[in-house]
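Report on the following structure.
The values are calculated or read from the model by the stated rules, or taken from the named source; none is laboratory data. Being a predicted model, the structure only gives us computed values, none of them experimental. In this analysis, Cβ positions are derived from the backbone assuming ideal geometry, glycine residues included, and neighbour counts consider all displayed protein chains.
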Amino acid sequence: MADQPREGELPTFVRVLFPPVAIAPAGLLLTHCVRTLARRQPNLFDRLGEWRSARYLVAPSDLAFAFIVVPDGEKSIVHVVGKNSPGSVDVAITGPLLTLLGLLDGTLDGDALFFHRIISISGRTEAILALRNTIEDAELRPADFFGLHGIVARLADAGILNGLSVVRWLIAGRAHATGKL
Amino acid sequence: MELVCPAGTPAALRAAVSAGADAIYCGFRDETNARNFPGLNFSAAELAEGVRFAHAHGARVLVAINTFAQTGRVGQWRKAVDEAAGCGADAVIAADLAVLDHVAKNHTGLRLHLSVQAAAATPEAIGFYVETFGVRRVVLPRILSVQEIAALNRSIDVETEAFVFGGLCVMVEGRCHLSSYATGRSPNLSGVCSPPEMVSYDEDEEGTAARLAGFTIDRYAPGQPTGYPTLCKGRFTAGEKTSYLFEDPVSLNAGNLISSLKAAGVTALKIEGRQRGKRYVTEVVRAFRKAVDAVEAGSDAGEIDRILSGMSEGGRQTAGAYRKTWR
Amino acid sequence: MIPASPIELALGPVFFHWSADRLTNFYRRIADEAPIDRVYIGEVVCGKRMPFSDPVWPETIERLERGGKQVVFSTLATPSTARERKSVEELCADGRLVEINDLTALRFRSGQPFVAGPFLNIYNEATARFLVGSGAQTICPPVELSLAAIGTMARTCFSAEFEVFAFGRLPLALSGRCYHARLHGLHKDSCQFTCEQDADGLAVDTIDGQEFLAINGVQTLSHQVQTFCPQPSELVSNNIRRLRLSPQTVDMVAVARAYRRLLDGQEPPETVRFVLSSLGLPGMQIDGYLRGGPGCQAPSPI
């Protein structure tokens, strides 16, 4: 059972392809991306208030690793941790990777996902609420994370968002085919 | 009829305007408004920008300063009114006598709406607010039936606004201390009901228990959809019966009653949900825009049903007190 | 500090649907035996109950006044029907002091003396002063306010007497819906007055068996019982003029006597709380709101 992907999750082989140790350098890249974003949109993080310094554990249920995120503007930190040894965190959010990405760009409604148990939250609920509202207002596009501008940004946004929706569609189709939904 | 829509963030405000709202209501990022949740609401600069955006698109902005000022800190509420006026807000929505008095005495040009938190439900109470403070519109408590609203409108001389969609208070608004009894924070004291920092979802062998400050509000079997542990929507045991004693976990949808509310003399329809996201705002406002336009154009109920059936709010819905089933 | 005139005791209106006999007997004993200065009478929760209690009041008023009590008529907290609004208007015409629990009554009473009851939203000194300007002589603030907040109001608004809800199940909410009727599968209009079976309200527990609330028709109360037992000096320093005791089925004469001894400095708070606990209260003792915490918090040991 544990090996079978649940609704909206990536196929199991993805977990095997990307063990935590292989992905560790991604933390540095993501830290750089979030700090770049903070430099470009310094007011974006104001909404978080006291939760800027909170430690958020973002744990995609279909990956073998998780992220610790401290969304403190230009002092933001993202690092990759093993799922079973995340250390102390203020709040943890778990769900399929593509669903979590959908929350980031506002494609999906976090409340509905939460109440239908597709994502789950433990710890300081108010911290995740502050983050949710901050992200909502930020209206982030994929290009924002890579500091892209102009036509390149538009192409990147379209490519990434379309790509994500195609993958979501493929996964949903597979689930239908195997009678999982 | 005017469609009044919620905005918890500048992005939601823009979404509501784009989806066809006639007016947006929003609040400052502090205890002066009744949706004081982490990360929500507007700074003065954001409000000013929001007002500019709304006005440029032909929409109005109503600022909710609708909590009760705390002792020794009334100045903060008065300042919020002054800032709203300074930002060019089209109206202030208030409930506290001190705040209403401040608007009436110091901002005579500013439209004043009476918040639902004042729970003014009789011609005498409404008459008091109209005569004393020059209130121009009253947001009606969600405990009145359509017939009662019609009768009320016949005996008052002020605009009325009725909730048509979203979260539903089953208690008389502004008269409920259930939240502070369990948590120390409440709509009247701190602008928040069943505050998120007091919420826990605890897993055990029977499933998930949703608790507020340690009180179990509801329990869900494994895999079953959960709800937010709002006190009055919980399951409790009384007289050896376990039930949703106060209200089932439903939300209000009076979409099918738009024409009845119009006939009852209601001026404006209000959508609840400043704490909800852009996606919710866009979908609900778009559907209600179409439905209101259809009602104004004299379309039949079937057409309106078809428009509203596309709304993906999820969960169960009710017409609340409007259909008089409470009596 | 100069000793102020002694802090008074008031008996609040009965929230529950007590029979005419029960009300008559209750007030006879209060009139003759209880060390209470002021008695609020009248129906505040549900207008449908008024035909049952109305015949009781003439004799009760006479008896209470003969016993040296000041009688104050309390008015409905959520008047809605034409008949209910009419009754509020009639009570507001009374020459005695009247307690108003909804601004509907202010229309009829503005400019004449009144008591602003705990169902009005008086959360700050500016609102208190506004109502004093309209005729409020006594203010009993909402039960969720802390003693510190009430004190801030009382010290800056000294022309009104401040009264604190000290004893009884806390009135927490009112609804347009009757929960006794809903629980029994009835509509409000044909409720059969099932609320009469629960003279202290019907206990509401969580599904994990925690004692939590109590229902009384359209009203929701705390399951636990407020037993605010301050040092008298705390009340004096916060400019509190009176404590309000809200009727439950326990021996209210004994409750009043215990509070009188507390206010006169004859017994310390812990003794008074012990006396109260031996009376068979319908729930655990609490005083969290007045201490600035959640209402359900138990008194801290002294």
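One line per residue, one yes/no per condition, for (1) crowded, with 20+ Cβ neighbours inside 10 Å; (2) in the same structural domain as B:E161 (by TED's automatic domain parsing); (3) without any contact (Cβ under 8 Å) to a residue 60 or more places away in the chain:
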position: B:Y25; (1), (2), (3): yes, yes, no
position: B:R35; (1), (2), (3): yes, yes, no
position: B:V81; (1), (2), (3): yes, yes, yes
position: B:G88; (1), (2), (3): no, yes, yes
position: B:Q117; (1), (2), (3): yes, yes, no
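If you check C:A20, C:A34, C:A4, which single one turns out to be touching a helix residue (DSSP H, G or I) at 6+ places or on another chain (Cβ under 6 Å), modelled with pLDDT under 95, over 30 Å from B:T132 (Cβ atoms) and of a type in the set (A, V, I, L, M, F, W, C)?
Unique residue meeting the criteria: C:A4.
Take the residues in region B:81-105 that are under 21 Å from the mean Cα position of the chain (by Cα) and charged (D, E, K, R); name whichever of them is farthest from the other protein chains (Cβ to nearest Cβ).
Applying the filter and picking the extreme gives B:D90.
Pairs please, first residue from region A:164-179 and within 25 Å of A:P142 (Cα to Cα), second anywhere and modelled with pLDDT of 75 or more and among the hydroxyl-bearing types (S, T, Y), Cβ atoms under 9 Å, 6+ apart in sequence or on different chains.
Matching pairs, first to second residue: A:R168/A:T99.
Which one is nearest to B:A150 (Cα to Cα), of the residues in region B:264-300 that are of a type in the set (S, T, Y) and modelled with pLDDT of 90 or more?
Within region B:264-300, the match that is nearest to B:A150 (Cα to Cα) is B:T267.
With respect to A:L129, is the statement that it is buried (at least 18 other Cβ atoms within 10 Å of the Cβ), within 9 Å of chain B (Cβ to nearest Cβ) and part of a loop (DSSP other than H, G, I, E, B) true? Explain how you work it out, then say what you get.
Details: buried (at least 18 other Cβ atoms within 10 Å of the Cβ): yes; within 9 Å of chain B (Cβ to nearest Cβ): yes; part of a loop (DSSP other than H, G, I, E, B): no.
Judged against the criteria, A:L129 is not a match.
Only one of these is touching a helix residue (DSSP H, G or I) at 6+ places or on another chain (Cβ under 9 Å) and under 14 Å from C:F167 (Cβ atoms): C:T227, C:T220. Name it.
C:T227
If we keep just the residues of region C:13-41 that are assigned to a helix (DSSP H, G or I) and among the hydroxyl-bearing types (S, T, Y), which is nearest to C:L245 (Cα to Cα)? Please lay out each step first, then the result.
If we filter region C:13-41 for residues that are assigned to a helix (DSSP H, G or I), which is where we start, we get C:20-33.
Add one more test, that the residue is among the hydroxyl-bearing types (S, T, Y), and what stays is C:24, C:27.
Numbers: C:T24: 18, C:Y27: 14 Å.
Checking each candidate, the answer is C:Y27.
Could you count how many residues in region B:1-45 are within 11 Å of chain A (Cβ to nearest Cβ), among the charged types (D, E, K, R) and touching a helix residue (DSSP H, G or I) at 6+ places or on another chain (Cβ under 7 Å)?
1
State yes or no: is B:S299 hydroxyl-bearing (S, T, Y) and either in contact with a Leu (Cβ under 7 Å, 6 or more places away or on another chain) or within 8 Å of another protein chain (Cβ to nearest Cβ) (or both)?
On the way: hydroxyl-bearing (S, T, Y): yes; either in contact with a Leu (Cβ under 7 Å, 6 or more places away or on another chain) or within 8 Å of another protein chain (Cβ to nearest Cβ) (or both): no.
Judged against the criteria, B:S299 is not a match.
Take residues that are more than 22 Å from the chain's Cα centre (by Cα) and tell me which of the helices (runs of 4 or more DSSP H) falling wholly in region C:171-273 contain 3 or more.
Filter on region C:171-273 gives C:179-183.
Give region C:106-132 a look and list any residue that's at pLDDT 95 or above, more than 18 Å from C:R38 (Cβ to Cβ) and among the small types (G, A, S), or say none.
Hits for region C:106-132 are C:A126, C:A128.
Between a first residue in region A:106-121 that is within 16 Å of B:G277 (Cα to Cα) and a second residue that is in a loop (DSSP other than H, G, I, E, B) and of a type in the set (D, E), which pairs have beta carbons less than 7 Å apart while being 6 or more apart in sequence or on different chains?
So the pair list comes out as A:G106/A:E139.
Looking at region C:45-67, which of its residues are charged (D, E, K, R) and more than 14 Å from every other protein chain (Cβ to nearest Cβ)? Spell out the reasoning first.
Kept after step one, since they are charged (D, E, K, R), are these residues of region C:45-67: C:48-49, C:54, C:59, C:62-63, C:65-66.
Scanning region C:45-67 gives C:R49, C:D54, C:E59, C:E62, C:R63, C:E65, C:R66.
Yes/no per residue for (1) hydrophobic (A, V, I, L, M, F, W, C); (2) more than 9 Å from every other protein chain (Cβ to nearest Cβ):
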position	(1), (2)
C:K69	no, yes
C:V72	yes, yes
C:T75	no, yes
C:S80	no, no
C:I100	yes, yes
C:T104	no, no
C:R107	no, no
C:S110	no, no
C:G117	no, yes
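Name the one entry in B:P222, B:P196, B:P249 that is at pLDDT below 90, under 26 Å from the mean Cα position of the chain (by Cα) and farther than 30 Å from C:C195 by Cα.
B:P196
Checking A:N84 against (1) surrounded by fewer than 17 Cβ atoms within 10 Å (Cβ to Cβ); (2) touching a Pro at 6+ places or on another chain (Cβ under 9 Å); (3) more than 13 Å from every other protein chain (Cβ to nearest Cβ), which single condition isn't satisfied?
Result: A:N84 passes all but (2).
For region A:34-95, which fully contained strands (runs of 3 or more DSSP E) count at least 2 residues that are aromatic (F, W, Y)?
A:65-70
So C:A20 fits all but one of (1) at negative phi; (2) without any contact (Cβ under 8 Å) to a residue 12 or more places away in the chain; what number is the exception?
Every listed condition holds for C:A20 apart from (2).
Filter region C:147-162 for residues that are within 9 Å of chain B (Cβ to nearest Cβ) and modelled with pLDDT of 95 or more and give the result.
C:A148, C:A149, C:I150, C:G151, C:T152, C:M153
Report those strands (runs of 3 or more DSSP E) wholly inside region C:96-167 carrying at least 1 residues which are of a type in the set (D, E, K, R).
C:98-100
Residue by residue, here is whether (1) surrounded by 15 or more Cβ atoms within 10 Å (Cβ to Cβ); (2) in a loop (DSSP other than H, G, I, E, B); (3) under 19 Å from the mean Cα position of the chain (by Cα) holds:
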| site | (1), (2), (3) |
| --- | --- |
| C:E59 | no, no, no |
| C:E65 | no, no, no |
| C:G68 | no, yes, no |
| C:V71 | yes, no, yes |
| C:A77 | yes, yes, yes |
| C:S80 | yes, yes, no |
| C:E84 | yes, no, no |
| C:V88 | yes, no, yes |
| C:L91 | yes, no, yes |
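Looking at region B:246-264, is at least one residue touching a Ser or Thr at 6+ places or on another chain (Cβ under 8 Å), of a type in the set (D, E, K, R) and more than 10 Å from every other protein chain (Cβ to nearest Cβ)?
Looking through region B:246-264, at least one residue is touching a Ser or Thr at 6+ places or on another chain (Cβ under 8 Å), of a type in the set (D, E, K, R) and more than 10 Å from every other protein chain (Cβ to nearest Cβ).
Here are B:S200, B:S243, B:S190: which of them is more than 11 Å from chain C (Cβ to nearest Cβ) and hydroxyl-bearing (S, T, Y)?
B:S200
Quick test for you: out of B:G167, B:G184, pick the one residue that is surrounded by fewer than 24 Cβ atoms within 10 Å (Cβ to Cβ), in contact with an Asp or Glu (Cβ under 6 Å, 6 or more places away or on another chain) and either assigned by TED's automatic domain parsing to the domain that holds B:V103 or not acidic (D, E) (or both).
Numbers: B:G184 fails: in contact with an Asp or Glu (Cβ under 6 Å, 6 or more places away or on another chain).
Answer to the selection: B:G167.
Those residues that are more than 19 Å from B:C87 (Cα to Cα) and among the hydroxyl-bearing types (S, T, Y), I need them from region B:9-51; list them, please.
B:S18
For region B:115-149, name all the residues that are under 17 Å from B:I93 (Cβ atoms), within 11 Å of another protein chain (Cβ to nearest Cβ) and among the charged types (D, E, K, R).
Result: B:R142, single match.
Can you tell me which of A:R40, A:R47, A:R55, A:R117 is basic (K, R), surrounded by fewer than 21 Cβ atoms within 10 Å (Cβ to Cβ) and within 14 Å of chain B (Cβ to nearest Cβ)?
After applying the criteria, what remains is A:R117.
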